[in-house]
């Protein structure tokens, strides 16, 4: 084996290890496959100590080609749209899977479809903020006012592995930021606490828009 062949082999092995590392673990697969796989998964709640540990943990990327991922997405969707407490988004940590994936409702598209986003990233935040009421499936019965960037530039992957880059605005951007926080172990109540001393500057009266540092 010559030197070039050896280098290529090392790269292939490393790539294989990285891809394998992004596969759902055996315990994660077992959770997704537990019980009635045509039914929703239990939504974790902050009031449960064991659940809180998962909700507060940072999540890892996942291989879009993982064979169990479509089932996870399907069951997450059912959890999100539970008629007893329907939502407009849900992140994988909320069903006990600390992986970077979530559903959001696209209020910026016709008929407001739901979309599943894999390994999402926020590339930039606008300094223009909006303040609005938020709730969370994992903190039932609690709502609060949160400042979010009005516009964000995002990237995410789909099940084919393809990348999408989009500019999101207004309420769709808010939902994305809320679910993205879940992947970082943050809840909207954490944002509210952070923003108690958040320096913002109101725009003309009645707009409900503010200027503030990006990234919050």
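Only the coordinates and a few stated rules stand behind these numbers; no lab work does. These numbers were taken from a predicted model, which means no experiment stands behind them. A quick note on method: Cβ atoms are made from the backbone with ideal geometry, for glycine too, and the neighbour counts reach across all protein chains shown.
A few remarks follow.
- Among 199, 140, 64, the residue with the largest mean-square fluctuation in a Gaussian network model of the chain, with springs joining Cα atoms closer than 10 Å, is 199.
- Sorted on the mean count of surrounding Cβ atoms within 10 Å across their residues, most packed first, peptides 99-106, 49-56, 66-73 read 99-106, 66-73, 49-56.
- Segment residue 192..residue 36, full-extension length gain: 52.5 nm, with 0.36 nm per residue of separation and the alpha-carbon distance subtracted.
- Inter-probe distance in nm under a simple model that places probes 7 Å from Cα toward Cβ, at residue 121 and residue 22: 1.1 nm
- Histogrammed with a bin width of 5 Å, the alpha carbon distances of the chain distribute as 1, 7, 13, 18, 18, 15, 11, 7, 4, 3, 2, 1, 0, 0, 0 percent, first bin at zero.
- Cα gyration tensor category, rounded, prolate or oblate, for the stretch 50-132 with a/c compared to 1.5: rounded
- Model label zone, residue 165; criterion: amide N under 12 Å from point 7 Å along Cα-to-beta-carbon; scope the stretch 105-138: 123-124
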